[in-house]
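The values are calculated or read from the model by the stated rules, or taken from the named source; none is laboratory data. Remember, predicted model here, so these are calculated numbers, not experimental data. Cβ coordinates were reconstructed from backbone atoms using ideal geometry, including for glycine residues, and neighbour counts include every protein chain displayed. When the accessible area is computed, the model is the full protein with side chains, heavy atoms only, and any ligands, DNA or RNA have been set aside. Shrake-Rupley method; radii C 1.70, N 1.55, O 1.52, S 1.80 Å.
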Amino acid sequence: MSGAEEQMQQLRSKATELLLREEWRDSIQLYSELIDLCQSQISNTHQHSDPDHLSKLHKSLCVAFSNRAEARSKLQHFTQALNDCDQALQIEATHFKTLICKGKILLCLNKYFNALDCFKAALFDPQGNGNLDIVNGYLEKCKKLEFQSRTGSFDLSDWVLNGFRGKPLELAEYIGPVKVNRSEISGRGLFATKNIDAGTLVLVTKAIAIERGILGGQDSAENAQLVMWKNFIDKVKEAVTRCQRTQLLIDMLSTGENEAGLEVPDMSIFRPEIEENGCSNDQKLDMDKILSILDVNSLVEEAVSAKVLGKNSDFYGVGLWILVSFINHSCNPNARRLHVGDCVIVHASRDVKAGEEITFMYFDALSPLEKRVEMSLSWGFNCRCSRCKFEEAVCSKQELREIEIGLEKGVDVGGAVYRLEEGMKRWAVRGKGKGYLRASFWAAYAEVYGSDRSMKRWGRRIPAMETVVDSVVEVMGSDERLLKVVVEGLKKSGGVVEFERAMKLGRGFYGKVIKKQALRTLLEIGINDKGY
């Protein structure tokens, strides 16, 4: 055995040992040395025309590229790992281990159709005969995710019925009938390209990075959030460093300045199957810019998402989802989001017309104007949505302010609601205007409808619960608090019509990704003798 062959054998043995011990970085270094040595030997062997020796060298080189690809994929250095896979497959087109590795990487990159091709090719390699179950498992997974990504046909029902136990379902990325365009609200926004019914899926997208934890008491919670924020920034930095496409996507987000000068991206750039053309991460990382982008675009994962997933009430998460970052705030929103695993699911919470901007609440919009103004300013903007403009005009009326002050001081809520309804008649408030004001004072309405005593006194003098709920849903979309009042009413004296109203509201709040039986479980609506 020559000195070069002995050196190659030692490198191969040590690199394989490191790979098995999951010491990825060290194994990459040794496989790189082995690859260089193999390539050098191949170049020299050509001169001596030794076909057998040359074949062995090519086989060793193929395995080295394949194993280095595996180690790089474990570190999520997917671009480099894919390059290694392609180098190995140039040597042996149906190399089983490489095809499986490449398919798994493409799955991680949400390139389901390309991954499917890899797993299909792996079936033709004789080495795969003993691993047909594994390959077929990957094939089925690819087909399911590819179908979801193409059609938007997601179903979380089984997971919901199982009480959210186990790992969250693996979901494909999906982009529905939407596009990015200039927004009258702020900078750029996401717009519907066709009519979308309430509950219909708008998009499903995975986080670039996410950090989660459980917060303790008030003092420790603040420190915990700071630590989580630092960890989150580190994760984003790592994601940008290791992936060219991630860097390109993050770089197009707003820093909060010069909104009018920002480019409107074509939707194709957000589709994972698009190749990474024209993007390079050779440029120096601008951490000041990234920090500004995160400050403007990061989403807090709490409240509704925590409740839906059955998590601790002190659960807190922060993450970055690229396409969701283009969705602006409105106090009369038309979309909701749910968090499942590292994915955000966005669906229409009420009917959306083609050309209408997709919006959701950055803060609680079932609040009076004055409180919403305070909250919007804490977010760094002044909301100028149609509802805020309408209420600014109406709120100049002293009586409306008196109602608000009275509620703060603990006056009879039934009387306050009655006074508001009578006031709207005198002010000639109609249509959506009624929905806006009822949404602002929803807490008072909910308290009246939830109290037998208040309903006995005021029930005949104020609109029926169903009328008020419908008017608020028209301008706000579905909301958990509206849903709660409807469900409680259904449990007391409901019929088929009331049940259908609750289910429609439920679809607006949770989306059509949850089917009827699971939705009924979520709403805690039992099956009675009427069949619902």
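Out of all the residues in the stretch 120-155, which are modelled with pLDDT of 90 or more and outside any helix (DSSP H, G or I)?
Correct list: Gly152, Ser153, Phe154, Asp155.
Suppose we filter Arg72, Arg21, Arg68, Arg12 for residues that are of a type outside the set (Val, Ile, Thr), open to solvent by 50 Å² or more (accessible area, probe 1.4 Å) and touching a residue at least 24 places away in the same chain (Cβ under 8 Å); which single one remains?
Numbers: Arg72 fails: open to solvent by 50 Å² or more (accessible area, probe 1.4 Å); Arg21 fails: touching a residue at least 24 places away in the same chain (Cβ under 8 Å); Arg68 fails: open to solvent by 50 Å² or more (accessible area, probe 1.4 Å).
Every option except Arg12 fails the conditions.
Mind telling me which of the residues Asn114, Asn110 ends up being touching an Asp or Glu at 6+ places or on another chain (Cβ under 8 Å), open to solvent by 30 Å² or more (accessible area, probe 1.4 Å) and outside the structural domain of Val204 (by the TED database)?
Asn114
Could you list all residues from the stretch 235-259 that are part of a loop (DSSP other than H, G, I, E, B) and over 16 Å from Trp321 (Cβ atoms)? Give the derivation first.
So in the stretch 235-259, the residues part of a loop (DSSP other than H, G, I, E, B) come out as 243, 252-258.
If the condition is that a residue be part of a loop (DSSP other than H, G, I, E, B) and over 16 Å from Trp321 (Cβ atoms), then Thr255, Gly256, Glu257, Asn258 are the ones that fit.
Residue-wise test of (1) at pLDDT 90 or above; (2) aliphatic (A, V, I, L, M); (3) at positive phi.
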residue: Arg372; (1), (2), (3): yes, no, no
residue: Ser386; (1), (2), (3): yes, no, no
residue: Glu399; (1), (2), (3): no, no, no
residue: Glu408; (1), (2), (3): no, no, no
residue: Ala416; (1), (2), (3): yes, yes, no
residue: Gly431; (1), (2), (3): yes, no, yes
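Take the residues of the stretch 117-131 that are open to solvent by 10 Å² or more (accessible area, probe 1.4 Å) and in contact with a Ser or Thr (Cβ under 7 Å, 6 or more places away or on another chain): which is nearest to Cys142 (Cα to Cα)?
Ala121
Can you tell me which residue among Ile105, Ile134 is open to solvent by less than 60 Å² (accessible area, probe 1.4 Å) and out of contact with any Pro (no Cβ under 9 Å at 6 or more places or on another chain)?
Every option except Ile105 fails the conditions.
Take the conditions assigned to a loop (DSSP other than H, G, I, E, B) and more than 14 Å from the chain's Cα centre (by Cα) and apply them to Arg165. Does it pass?
Criteria met by Arg165.
Given the criteria of a type outside the set (Lys, Arg), open to solvent by less than 30 Å² (accessible area, probe 1.4 Å), over 22 Å from Gly176 (Cα atoms) and at pLDDT 85 or above, does Gly489 qualify?
yes
Could you tell me which of the residues Leu89, Leu139, Leu99 is in contact with a His (Cβ under 7 Å, 6 or more places away or on another chain), free of Cβ contacts under 8 Å to residues at least 60 places away in the same chain and open to solvent by less than 60 Å² (accessible area, probe 1.4 Å)?
Exactly one residue qualifies, and that residue is Leu89.
Hey, can you tell me all the residues within the stretch 260-274 that are assigned to a loop (DSSP other than H, G, I, E, B) and at pLDDT below 85? Full working, then the answer.
Initially, the stretch 260-274 is screened for residues assigned to a loop (DSSP other than H, G, I, E, B), giving 262-266, 271-274.
If the condition is that a residue be assigned to a loop (DSSP other than H, G, I, E, B) and at pLDDT below 85, then Pro272, Glu273, Ile274 are the ones that fit.
Filter the stretch 180-194 for residues that are touching a Phe, Trp or Tyr at 6+ places or on another chain (Cβ under 7 Å) and under 11 Å from Ser330 (Cβ atoms); which is most open to solvent (accessible area, probe 1.4 Å)?
Only one residue tops the list, namely Ser186.
Can you report the number of residues in the stretch 72-99 which are β-branched (Val, Ile, Thr) and farther than 14 Å from Cys62 by Cα? Break it down stepwise before answering.
Of the residues in the stretch 72-99, the ones β-branched (Val, Ile, Thr) are 79, 91, 94, 98.
Subset that is farther than 14 Å from Cys62 by Cα: 79.
The number of residues fulfilling the criteria is 1.
Filter the stretch 448-462 down to residues that are of a type outside the set (Val, Ile, Thr) and surrounded by 17 or more Cβ atoms within 10 Å (Cβ to Cβ) and give me whichever is nearest to Ala335 (Cα to Cα). Reasoning before the result, please.
Filtering the stretch 448-462 for residues of a type outside the set (Val, Ile, Thr) gives 449-461.
Keeping just the survivors that are surrounded by 17 or more Cβ atoms within 10 Å (Cβ to Cβ) gives 449, 454, 458.
Working: Tyr449: 26, Ser454: 33, Trp458: 33 Å.
Of everything passing the filter in the stretch 448-462, Tyr449 is nearest to Ala335 (Cα to Cα).
Going by the conditions given, is Cys85 under 23 Å from Cys118 (Cβ atoms), in contact with a Lys or Arg (Cβ under 8 Å, 6 or more places away or on another chain) and modelled with pLDDT of 90 or more? Reasoning before the result, please.
Numbers: under 23 Å from Cys118 (Cβ atoms): yes; in contact with a Lys or Arg (Cβ under 8 Å, 6 or more places away or on another chain): yes; modelled with pLDDT of 90 or more: yes.
Here the answer is yes, as Cys85 does meet what is asked.
Could you list, in sequence order, all residues of the stretch 102-121 that are in contact (Cβ under 8 Å) with a residue 60 or more places away in the chain and under 19 Å from the mean Cα position of the chain (by Cα)? Outline the logic, then answer.
So the first thing to find is which residues in the stretch 102-121 are in contact (Cβ under 8 Å) with a residue 60 or more places away in the chain, and the list is 109-114.
Of everything in the stretch 102-121, those that are in contact (Cβ under 8 Å) with a residue 60 or more places away in the chain and under 19 Å from the mean Cα position of the chain (by Cα) turn out to be Leu109, Asn110, Lys111, Tyr112.
Return yes or no: is Ser478 in the same structural domain as Glu399 (by the TED database) and either outside any helix (DSSP H, G or I) or surrounded by 24 or more Cβ atoms within 10 Å (Cβ to Cβ) (or both)?
Judged against the criteria, Ser478 is a match.
So how many residues does the stretch 495-523 have that are of a type in the set (Val, Ile, Thr) and either in contact with a strand residue (DSSP E or B) (Cβ under 6 Å, 6 or more places away or on another chain) or open to solvent by less than 60 Å² (accessible area, probe 1.4 Å) (or both)?
Qualifying residue count, the stretch 495-523: 2.
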